[in-house]
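**Student:** Before anything else, here's the structure in question.
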Amino acid sequence: MISHDADLAVERLRAGGLVALPTETVYGLAADARRPDAVTRIFSVKGRPIDHPLIVHLADGDLIDAWATDVPAAARRLADLCWPGPLTMLLPRAAHVDDVVTGGRPTIGLRVPAHETTRRVLQELDSGLAAPSANRFGRVSPTTARHVADDIGHLLDPDRDLILDGGACAVGIESTIVDLSVSPPQVLRAGAITESDLSALIGPIGAARGPSRAAGMLISHYAPACSVALADDRAEADLLAEALRRAGALVGVLDRTTDLVAAAQHLYDDLRAADRDGLDVIVAVLPPPDGLGHAIRDRLTKAAAASDPGLSSPTR
Ligand code: TXA
Ligand code: MG
């Protein structure tokens, strides 16, 4: 089911199948966004609540008006400067967009991914691709075709669906989500394009308020099967790991704070490796909250929130 054949991927999408495909952030599980029947299957494969909206991926920024309306100048500027790239913009949706894509919301998330193979698929298909990350709901996102096969391969139909292998994802964590349907715009999910990058390009960004509007903002998400415990520095991580080992747990320490680009690239494989190794707990050192550090802290904090507190804190 894993293939390098982009033409076959286009064929499968045209026939209403699902294709897991590479982007620069993480692998997505894609269906033609103009086919509600195909999009609906994404939710059953992922085990995702049906009212959670999907990002629509486009071949090019010029297509923004085919999917959104009332596009503000700031969105056009970001499309010009950040696409293709790890940025999703929420905009008022165009009338034709099906409710299953947007979870019935008045907005649509749009992004032009920076991965050659997937852009070729998008150009050939001549439509948008609705795609969430290609993992089971609430779990760790996939950054290789093998991760996808491990997570959902058994739920895909080998005669209708496909996993398109485009190598390991370069960025490794999901796109930044900025809501441009409100003024000032708000960042709903941190990513490789930071809030300060955005404000340098379009001016002030407001604080996200009220109930969470992006499912990735749920307090627990991105979780491996083992518990994730957090430490502010290496010394604290080593102390905590030692205490947990004394209590009988199988423990690993994750510390990539010296290279944040590599930390993001490998984050999800590191969490998956902890499960492959059968660890009870992985103690992760949080990077400083600058630049890419914000997004990595966000993912680790949410992964830890899903953990068993009895295991991750020996003092309780
Ligand atoms: O990097 C990425 O964004 C990856 C790749 C595949 O593009 N996609 C991804 O999709 O992370 P997903 O579905 O796993 O996370 C997208 C988040 C979800 O929390 C979803 O609820 C939110 O974006 N979202 C999408 N459209 C939205 C909308 N119209 N309003 C509010 N939240 C939205
Ligand atoms: Mg996801």
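**Student:** For the range 251-273, enumerate the residues that are in a helix (DSSP H, G or I) and among the aliphatic types (A, V, I, L, M).
**Tutor:** Residues satisfying the conditions are 260, 261, 262, 263, 264, 267, 271, 273.
**Student:** Name, by its number, the condition in (1) open to solvent by 10 Å² or more (accessible area, probe 1.4 Å); (2) under 24 Å from residue 192 (Cα atoms); (3) of a type outside the set (Asp, Glu) that does not hold for residue 245.
**Tutor:** Only one criterion is unmet by residue 245, namely (2).
**Student:** Let me ask something else. Determine which member of the set 93, 76, 35 is farther than 27 Å from residue 262 by Cα and surrounded by 23 or more Cβ atoms within 10 Å (Cβ to Cβ).
**Tutor:** That would be 93, the only listed residue that is farther than 27 Å from residue 262 by Cα and surrounded by 23 or more Cβ atoms within 10 Å (Cβ to Cβ).
**Student:** Does residue 192 fit the bill of being of a type in the set (A, V, I, L, M) and either over 17 Å from residue 6 (Cα atoms) or within 16 Å of ligand 2 (Cβ to nearest atom) (or both)?
**Tutor:** Spelling it out, residue 192 is indeed of a type in the set (A, V, I, L, M) and either over 17 Å from residue 6 (Cα atoms) or within 16 Å of ligand 2 (Cβ to nearest atom) (or both).
**Student:** In the range 224-235, what residues are in contact (Cβ under 8 Å) with a residue 40 or more places away in the chain, open to solvent by 30 Å² or more (accessible area, probe 1.4 Å) and not in a loop (DSSP other than H, G, I, E, B)?
**Tutor:** 230, 234, listed by residue number.
**Student:** Can you find even one residue in the range 41-52 that is open to solvent by 40 Å² or more (accessible area, probe 1.4 Å), closer than 24 Å to residue 182 by Cβ and not aliphatic (A, V, I, L, M)?
**Tutor:** So far as the range 41-52 goes, yes, one or more of its residues are open to solvent by 40 Å² or more (accessible area, probe 1.4 Å), closer than 24 Å to residue 182 by Cβ and not aliphatic (A, V, I, L, M).
**Student:** Go through (1) more than 21 Å from the chain's Cα centre (by Cα); (2) open to solvent by 40 Å² or more (accessible area, probe 1.4 Å); (3) in contact (Cβ under 8 Å) with a residue 40 or more places away in the chain one by one and return the number of the condition residue 277 breaks.
**Tutor:** Tallying (1) more than 21 Å from the chain's Cα centre (by Cα); (2) open to solvent by 40 Å² or more (accessible area, probe 1.4 Å); (3) in contact (Cβ under 8 Å) with a residue 40 or more places away in the chain, residue 277 fails exactly one: (3).
**Student:** Whether any residue in the range 144-166 is touching a Cys at 6+ places or on another chain (Cβ under 8 Å) and away from ligand 2 (no atom under 12 Å from the Cβ) is what I want to check.
**Tutor:** yes
**Student:** Filter the range 257-274 down to the residues that are closer than 21 Å to residue 27 by Cβ and open to solvent by 40 Å² or more (accessible area, probe 1.4 Å) and list them by number.
**Tutor:** 261, 265, 266, 269
The values are calculated or read from the model by the stated rules, or taken from the named source; none is laboratory data. No experiment lies behind these values; they were computed from the predicted model shown. Cβ coordinates were reconstructed from backbone atoms using ideal geometry, including for glycine residues, and neighbour counts include every protein chain displayed. The area values use the complete protein model at the heavy-atom level, side chains included, leaving out ligands, DNA and RNA. Shrake-Rupley method; radii C 1.70, N 1.55, O 1.52, S 1.80 Å.
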